[in-house]
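Engineer: Below you will find the structure I want to go over with you.
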Amino acid sequence: MALAAALVFITPALADDTGLRERIEARLGKAGLADRGQIEVRVTNGEAVLSGFTTTVDAQRRAEKAARKETRTVDNRLLVVPAKPKEDSEIRKAVSDAVLGYVYYGVFDSVGVGVDHGGVTLSPSDIPITTSRTVSPAVKCLSTWGVTGMGHSSR
């Protein structure tokens, strides 16, 4: 009797997980992420786990955003593997140029750009910065410059 009751509760959960996985995969395909890496979706008890790789940080973030439209719990384990790796010095220059050329970057903003193995870290230099204003242009250049990660630090 207990076995029959357990099967009654387990079977709908498995069906829901399968349906959820299919809906997430459909959203990823609709977002055009199928050709930007290899993304695997696993769902257990309504919790989605994204694994594999994408070619840009932007694609990694868009995959998580698409999955979150179907479920609130998403564990994004996607790695970023750029199609064409760039040197850290090239990435640093591109991010610095993007920040300095940003229309809202002013004389009172000051941003330090650090790059380590493709991972970019933005930090305030001597003057406090408004993170949302200064990070925005750097995030826009991530999708084209072989960046493998993004972060910021504050003092």
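Engineer: When the Karplus curve 6.51 cos²θ - 1.76 cosθ + 1.60 is applied with θ = phi - 60°, which whole-Hz ³J(HN,Hα) does each residue of segment 55-63 get, with x for Gly and Pro?
Structural biologist: Couplings: 8, 9, 5, 4, 5, 4, 5, 5, 5 Hz.
Engineer: Further question on the same structure: D for segment 15-97, whole µm²/s, Stokes-Einstein with Kirkwood Rh over alpha-carbon pairs at 10 °C and 1.306 mPa s: what number?
Structural biologist: Using the Kirkwood radius from Cα pairs, D works out to 118 µm²/s.
Engineer: A further question on this structure: Under a straight-distance cross-link criterion of Cα-Cα below 27 Å, which lysines are reachable from Lys30, leaving out those fewer than 8 residues away in the same chain?
Structural biologist: Lys65, Lys69, Lys84, Lys140
Engineer: Something else now. Summing Lys, Arg as +1 and Asp, Glu as -1, what charge do residues with Cβ under 11 Å from the Cβ of Asp116 carry, Asp116 excluded?
Structural biologist: Its environment carries a net charge of 0.
Engineer: Quick one: Karplus J couplings for segment 67-76, per residue in order, coefficients 6.51, -1.76, 1.60, θ = phi - 60°, nearest Hz, x for Gly and Pro?
Structural biologist: 5, 5, 6, 9, 8, 7, 9, 10, 9, 8
Engineer: Report the extension gain between Asp35 and Thr73 in nm, rounded to one decimal, defined as 0.36 nm multiplied by the number of residues separating them, less their alpha carbon distance.
Structural biologist: Residue separation times 0.36 nm, minus the Cα-Cα distance, leaves 11.2 nm.
Engineer: Quick one: putting +1 on the C-beta of Lys and Arg, -1 on the C-beta of Asp and Glu, what dipole do you get for segment 16-128 around its Cα centre, in Debye to the nearest 20?
Structural biologist: Charge dipole, segment 16-128, about its Cα centre: 360 debye, nearest 20.
No lab work stands behind these numbers, since they all come straight from the coordinates. Because the structure is a prediction, the values reported are computed rather than measured. A quick note on method: Cβ atoms are made from the backbone with ideal geometry, for glycine too, and the neighbour counts reach across all protein chains shown.
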